1. Which helices of the chain meet both criteria: a Cα extent of 15 Å or more along the helical axis and a mean Kyte-Doolittle score no lower than 0.0, with helices taken as whole DSSP H segments?
2. Tally Lys/Arg at +1 and Asp/Glu at -1 over every other residue whose Cβ is under 12 Å from the Cβ of V198; what's the total?
3. DSSP loop (so not H, G, I, E, B), at most 14 other Cβ within 10 Å: list which chymotrypsin sites (Phe, Trp or Tyr not before Pro) in the stretch 417-493 pass both filters.
4. Is the stretch 391-487 best put as rounded, prolate or oblate by its Cα gyration tensor, with a ≥ b ≥ c the root eigenvalues, rounded for a/c under 1.5, and otherwise prolate when a/b is larger than b/c, oblate when not?
5. I'd like to check one number: the per residue accessible area of the stretch 3-313, probe 1.4 Å, reported in Å² as a whole number.
6. Sequence gap at least 6, Cα distance under 8 Å: using those rules, report the relative contact order of the stretch 311-368 to the nearest whole percent.
7. Treat every Asp and Glu Cβ in the stretch 118-273 as -1 and every Lys and Arg Cβ as +1, leave all other atoms uncharged, and give the resulting dipole magnitude about the Cα centre to the nearest 20 debye.
8. Going toward the positive end of the dipole of the chain, with +1 on Lys and Arg Cβ and -1 on Asp and Glu Cβ, which of V306, T75, V501 do you reach last?
Amino acid sequence: MTAMQWFFSFLKKYRFRIIIALFFVTISCLLAIVNPYISGIIVDDVIRNGQYDLLWKLVVVFISTTLLRALSRYTYLYILEDSSQKMLYSMRDNVFRCIMAKDFNFYNKNRTGDLMSRQIGDMDAIRHFVAFVIYSIYENSLLLIIALVMMFTVDWRLAICMIAVLPITVVIAAKQLKAIKPSFKRIRDTFSSLNTFVQENVSGYRVVRAFAKEDYETEKFNKVNDEFRRVQLESTKDWRRYIPIFEFMASFLTVILYLVGGLMVIKNAMSLGQLVQLSGYLWMLNQPLRMAGWLANDYQRFVTSVEKIYSTVSVEPDIKEPLYPVNTERMYGDICFHHVNYNLDDDVILKDININIKRGETIGIIGATGSGKSTLMNLLCRFYDVSDGEITIDGVDVRKYDLFRLRDNIGMAMQDVFLFSDTIEGNIAYGKPDCTFEEVKHAAKMADADGFINAMPEGYDTIVGERGMGLSGGQKQRISLARALLKNPAIVILDDTTSAVDMETETHIQESLSSFTKWSSTREEGRHTVFIIAHRISSIKDADQILVLDNGCLIEHGTHDDLIAMNGYYATVFNHQYGEFDEIDKIRQKGGRANG
Ligand SMILES: Nc1ncnc2c1ncn2[C@@H]1O[C@H](COP(=O)(O)OP(=O)(O)O)[C@@H](O)[C@H]1O
Ligand SMILES: [Mg+2]
């Protein structure tokens, strides 16, 4: 599909309305003939021949046609405005859906500001095209043809003089269309950059303040702003050359008409009334000429925007829904990594990972930053697909599951917590909006979040700012943990979820997590398979299997005791962190907190 075909797929639904609107445009254009025609009669028959009784009738016709024209104009403007807004509504909806359906790679490559520009700025150029440009091109072409036909009926010699400028107009308009295209594309690109710059600085205002970089950022912004002005002016330069030519030709026609027409009247080859009539048609001829340059701009702006939006929308996601998806509502929870490799461009991110996990097991993952822990989990969720090997859940390759079902069965507390500008309750219940308040509270208790939420002025109804502004890192992590637990999924992934909480809170979370596992094992849906990625040994010490990743390789694998006996990476980290264990024991002896 080309960008234009994509656009027409939206316009198609409104084609009948547009045809009706163009029908009214036609009526309006045809009615435009009447008034110049009457003007001619008034001059020749009423003024020169003294048929004064005719005047009243003519005035009535004059007023009625004007009213009719206004009415048909109102009708087509209404239809087009209405259709364009409705079309844009479904287009915006479609673009949003497309953007939502993209995979992680797409978001890694596209800047937020660019996507915002597509959804807001470019859409408007398209609306303008449907609401204004389409009918304007039609109206002006029709006016031009009607005017020429009418001129032929009055005097063919003058009409031919008028036609002579048409080929020139067409050639110039075509030249203009070609000349302005690159500059309009540059404008859209720079507009996106401007948008991105503002978006990044607003989102990252804390960092800017913390490093006192306001002046630096302002200076950088000025550069982008300057660039935007420069490309705008440059584009003005491109089309400015053409607009006066159209203006000149329009005026030139006026000169020719009065010069040749005047001479003909003097020589009695034409009546004065006919000249008045012709000068009425001249307006119908001039307007299209004057508009040609502007419409060429609008058209090119529209084409650029459609191409921009389509290039974003048409990117095929790498992660595809299988043709015949396996639609398991509740997965059991056995997971197997079988010779899993993952390469990104030329980098090997994960190499030959083999793991067998039984449902209900807790898997601890540890390893240096960048060793591939998060990537391993991303592959399980199909945020990316393995390069080689396979990952199965209950014996079925994850690539064969329905994507929604797969992710619905996984509850993930991600490493970088994202909270929506909503109430705390809304944020926790995000994955299960129809749950009761008791369930939200229960999840919050398990995540050791109930205490601090209750201490907030509006408790669970407190609105957290964008990205959870106003909460500490540890508080955000606990809300994200509650969100993952509330879903009560078959598989739970906690990616560095307790890195920002203090040791005491973590111990409480550990305890409630194990009671959560015990509690869930008594329920019908059964036990959870839990992955815990952590830096503290204390978080994963009791896990059924511990994986140690290094540089994308699984270097150690076993229980705590196995790995200590191995005396490798894990044992070294354990010995480093040994001091902390005394502290944890003390916390445990002190007993759980009220909300623990
Ligand atoms: N979106 C990405 N684009 C490029 N490289 C990535 C991306 N995500 C992860 N990586 C690379 O993959 C490796 C593993 O990353 P990750 O799984 O996040 O590590 P960990 O979670 O263990 O800290 C790192 O070397 C990182 O640079
Ligand atoms: Mg990570």
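1. Values: long enough: 15-31 (24 Å, 2.11); 53-100 (71 Å, 0.44); 134-154 (30 Å, 1.81); 166-203 (54 Å, 0.16); 214-240 (37 Å, -1.86); 243-266 (35 Å, 2.13); 272-313 (60 Å, 0.12); 473-486 (20 Å, -0.14); 503-521 (27 Å, -0.79); 578-590 (19 Å, -1.52).
Correct list, ordered by number: 15-31, 53-100, 134-154, 166-203, 243-266, 272-313.
2. Numbers: positive: R111, K220; negative: E200, E217.
Cβ neighbours under 12 Å give a net charge of 0.
3. Sparse-neighbourhood loop chymotrypsin sites (Phe, Trp or Tyr not before Pro): F418, F420.
4. It comes out prolate by the Cα gyration axes.
5. Per-residue value: 54 Å².
6. Numbers: 45 pairs, mean separation 15.8, N = 58.
Relative CO of the stretch 311-368 lands at 27 percent.
7. Using only the charged Cβ atoms, the result is roughly 300 debye.
8. Value: T75.
The values are calculated or read from the model by the stated rules, or taken from the named source; none is laboratory data. Everything numeric in this text was worked out from a predicted model, so none of it was measured. As a convention, Cβ positions derive from the backbone with ideal geometry for all residues, glycine included, and neighbour counts pool all protein chains shown. Please note that ligands, DNA and RNA were not included when accessible areas were found on the heavy atoms of the full protein model with its side chains. Shrake-Rupley method; radii C 1.70, N 1.55, O 1.52, S 1.80 Å.
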